[in-house]
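Notes follow the structure.
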Amino acid sequence: MKSNNSHSKEDLKQDTSPSNSHIATLDSRFNQTLRNVQGLLKGRSFPGKVLITRRSDPPDGAILGSPGVSRSPSEIDSPPNKQTDDPNEDQVHVNKPDASTSRNTLKPSMSNPEDRSNEAPRFVMGARATDTARLMKFTQVLGGTTVILDKLRELAWSGVPPYLRPNVWRLLLGYAPPNSDRREGVLRRKRSEYFDCVAQYYDISDNERTDEEINMLRQIAVDCPRTVPDVTFFQQAAVQKSLERILYTWAIRHPASGYVQGINDLATPFLVVFLSEHLEGSIDNWSIADLDAEKISDVEADCYWCLSKLLDGMQDHYTFAQPGIQRLVFKLKELVRRIDEPVAKHIDEQGLEFLQFAFRWFNCLLIREIPFHLVTRLWDTYLSEGDALPDFLVYIFASFLLTWSDKLLKLDFQEMVMFLQHLPTNNWSHQELEMVLSRAFMWHTMFDSCPNHLAT
């Protein structure tokens with residue numbers, strides 16, 4: 001996978017270089033982010049803060065659409081009654097904000113629910129006008145003989161329509177080739193390779209395994225029932241068995257790390273997205289027993305290869321002592337100190353180490369911290385970042401933490417530990433998540449090309 005962040009750095013350089021005066025604006029994604037933030041801030045009486053409140057969970061409608069069901073543009077453009085997985089729901093086109101608006105995003109906090117309730121309808125109405133246009137862009141990018149991955153990443157960063165998500169994710173991860181003529185053959189070959197691996201490593205007796213392999217398989221078998229426990233679909237025995245096969249096969253083929261607790265969480269978004277090609281409606285009503293063995297095997301294979309592609313870019317997160325995670329936790333601490341020094345100072349004075357709460361965030365990529373119906377939208381952005389994802393996680397997690405900056409300043413050590421272990425995200429909607437991502441992108445644009453800002 002290739003990084004999609006170089007354009008942000010170059011845009012900033014071009015903005016200050018006379019030789020590039022023909023570039024009049026920053027990257028389009030940055031402009032859209034600023035517009036989103038201005039849309040949320042419009043009419044507020046609290047300058048200097050991005051105000052976020054909680055709404056009720058979206059109804060348990062179709063969490064993921066099925067590509068097997070045809071949709072007209074009018075159906076896609078209509079307000080979603082059953083679920084809020086539309087990636088365009090939280091986009092609004094307004095005039096470009098001035099510099100003061102971008103500065104206003106540096107310190108987020110929670111707001112009065114009454115403040116946002118008056119604006120939410122207008123915000124969503126503006127977004128619906130862009131749905132068809134964005135869908136057409138996806139159709140154009142995906143419809144060519146060869147998909148231009150940079151354009152696909154640019155579109156997918158802001159969210160992928162659910163019924164396009166399986167194909168888009170395969171492309172973003174490099175599992176499916178950009179050339180459409182080769183795609184079917186490559187997928188068939190990779191799936192066959194996975195089946196061979198399962199037969200070689202999984203479908204054997206314990207007598208043919210080492211003691212280490214037996215212990216690893218037992219640990220995976222213990223962890224699978226604990227995976228996403230609040231989603232009933234994952235409590236189905238057949239789902240847990242599929243997850244077990246994927247994780248064990250991956251661990252055997254990656255001996256440098258083997259199986260590490262937390263990797264089981266990382267397989268779940270892939271499992272849900274690829275099953276959505278075959279199962280319709282709400283995930284709460286899904287039954288894997290409705291699928292034949294061939295389809296289940298294909299889904300497992302896709303999950304395995306996509307998980308492998310994802311972890312290839314962060315292997316040192318799961319090797320001995322997990323040095324990659326420890327390095328990113330240190331960067332997170334430094335970034336929070338730069339963005340919101342009072343919060344960083346308070347956390348330090350209370351004796352709370354970032355590793356105590358942020359380790360799980362990096363280990364499970366926030367899957368355990370937000371409602372599961374938001375995870376696939378978050379992963380659209382993850383996968384669009386490509387090789388730059390580990391570094392961008394630092395900005396996402398800083399934005400996530402500072403959502404509660406005002407609250408944190410009022411808590412002592414014990415209260416902070418309890419609060420950060422049970423964050424109040426149960427009622428989060430896509431709007432809260434979009435704001436976390438928007439702040440993360442702006443801070444990345446501001447600080448990533450200026451490393452001295454993060455110097456100790």
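Here are some notes:
- Inter-centroid distance (Cα atoms) of the stretch 155-218 relative to the stretch 247-306, Å: 8
- Nearest-20 debye value, the stretch 182-305 charge dipole, Cβ charges on Lys, Arg, Asp, Glu: 380
- Couplings 3J(HN,Hα) of the stretch 257-271, computed from phi: 10, x, 7, 10, 4, x, 5, 4, 5, 5, 7, 5, x, 5, 4 Hz, in residue order, whole Hz [Karplus 6.51 cos²θ - 1.76 cosθ + 1.60, θ = phi - 60°; x for Gly and Pro].
- Environment charge at Thr146 (Cβ cut-off 13 Å; Lys +1, Arg +1, Asp -1, Glu -1): +1
- Using the 1.4 Å probe convention, the accessible area of the stretch 182-305 works out to 45 Å² per residue with neighbouring protein chains retained.
- The stretch 288-302 - phi-based ³J(HN,Hα) in whole Hz, Karplus 6.51/-1.76/1.60, Gly and Pro as x: 5, 5, 6, 9, 7, 4, 5, 5, 4, 5, 5, 4, 4, 4, 4
- Spacing of the two label points (7 Å from each Cα toward its C-beta) at Ala289 and Glu353, in nm: 4.8
- Each principal axis of the Cα atoms in the stretch 227-380 has its own extent, and those three values, largest first, are 57, 35, 23 angstrom.
- Taken per residue, the accessible surface of the stretch 132-180 reaches 36 Å², heavy atoms only and a 1.4 Å probe.
- Solvent-accessible area per residue for the stretch 323-449 (1.4 angstrom probe, square angstrom): 32
- Built from the Cα atoms of the stretch 132-180, the convex hull projects on average onto 3.0 nm², one quarter of its surface area.
- Net +/- balance of residues flanking Thr227 in space, Cβ distance below 13 Å, scoring K and R +1, D and E -1: -1
- Taking the 1.4 Å solvent-accessible surface of the stretch 132-180 as the whole, the part contributed by carbon and sulfur is 60%.
- Shape metrics for the stretch 299-350, restricted to C-alpha atoms - Rg then Dmax, Å: 16.5, 49
- For the stretch 188-334, the fraction of 1.4 Å probe accessible surface lying on carbon and sulfur atoms is 48 percent.
- Per-residue Karplus couplings for the stretch 349-359, computed as 6.51 cos²θ - 1.76 cosθ + 1.60 with θ equal to phi - 60°, are listed in order as 5, 7, x, 8, 8, 4, 4, 5, 10, 7, 4 Hz, Gly and Pro entered as x.
- Taking the C-alpha atoms of the stretch 182-305, convex hull volume expressed per residue in Å³: 107
- Kirkwood Rh, angstrom, the stretch 323-449 [1 / mean 1/r, Cα pairs]: 14.8
- Too-long pairs where the Cα-Cα distance tops 19 Å, listed order kept, from Lys241/Lys295; Lys151/Lys295; Lys241/Lys309; Lys345/Lys407; Lys190/Lys309: Lys151/Lys295; Lys241/Lys309
The values are calculated or read from the model by the stated rules, or taken from the named source; none is laboratory data. Predicted model only: the values in this text are computed from it and were never measured. Neighbour counts are summed over all protein chains in view; Cβ atoms, including those assigned to glycine, are modelled from backbone coordinates with ideal geometry. Side chains are part of the model used for accessible areas, which takes the heavy atoms of the whole protein and leaves out ligands, DNA and RNA. Shrake-Rupley method; radii C 1.70, N 1.55, O 1.52, S 1.80 Å.
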